[in-house]
Structures are given as C-alpha cells and as structure tokens.
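S.K.: Quick one: the structure is below, and I'll ask about it shortly.
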Amino acid sequence: MTGGRLFTPGEPTASPNAFLPPHRRDGYTARHEIVLRPGDQVTLPPNTPHWFQGGPHGAVIWSLSTQAIDNQDVFTDPSVRRQTIVG
C-alpha cells in the first residue's frame, strides 16, 4: 500500500485520520488505525476484519492471499449485498 490507513481489530484509535460515512459507521467494526507508508507490508491472520482508506493522493494496494472465494468473504457492513441490483 502506498500511503494510507489500515484499520484492524484492537484498541480503537482515539482520533483516527479517516472518514467514516455516518450512515455506515455501525458496519465498520475494526477501529485500530495503522498508518502505512510506501513500501510497508502487513500480514493479517485469516478471517481478520479489516478495511483500508487511501491517503489524499489515493493508494496502490497489492493483496496476496491463500484461497479467496468472494461469496465466502465476511462483511460486517450490513449494506454489502451479494447480488447485483439493476435500477
């Protein structure tokens, strides 16, 4: 990831430098902020809730994982839908 923030379980960051849309705050359960700089690498155990937010100039993220099947991913955000809705 080139510049940005990773949020994981743990002690919530008192004043995170991130934007959480008010209507989705309940879905963001990982509140421990880790500031990432270009070249930083993080390894998360399987099934660790997490989310990213890019910096002011965006972010480039490479994700390597063991087998990942989209319909088996777990989301804590209730607005995530597993089906395409048109219209």
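Quick note: the coordinates plus some simple rules give every number you see, no bench work behind them. Here the structure is a predicted model, which means the values were calculated and not measured. Here the Cβ is made from the backbone with ideal geometry for all residues, glycine too, and neighbour counts use every protein chain on show.
S.K.: Taking trypsin sites (Lys or Arg not before Pro) as candidate sites, keep only those in a DSSP loop with at most 13 other Cβ atoms within 10 Å, then name the longest stretch of the chain containing none of them.
M.R.: By the stated rule (loop sites, at most 13 other Cβ atoms within 10 Å), 1-80.
S.K.: Largest first and in whole Å, give the semi-axes of the chain's equivalent ellipsoid, each being the square root of 5 times a Cα gyration tensor eigenvalue.
M.R.: Those come to 22, 18, 14 Å.
S.K.: Still on this structure: Projecting each Cα onto the charge dipole of the chain (Lys/Arg +1, Asp/Glu -1 at the beta carbon, about the Cα centre), which of Phe7, Trp51, Ile85 comes out farthest on the positive side?
M.R.: Towards the positive end, the residue furthest out is Ile85.
S.K.: Quote the charge dipole size of the chain about the Cα centre in Debye, to the nearest 20; the model charges only the Cβ of Lys and Arg (+1) and of Asp and Glu (-1).
M.R.: The calculated dipole for the chain is roughly 160 debye.
S.K.: To continue, here is another question. Which ordering of Phe75, Phe19 is given by a fewest-first count of other beta-carbon atoms within 10 Å?
M.R.: Phe19, Phe75
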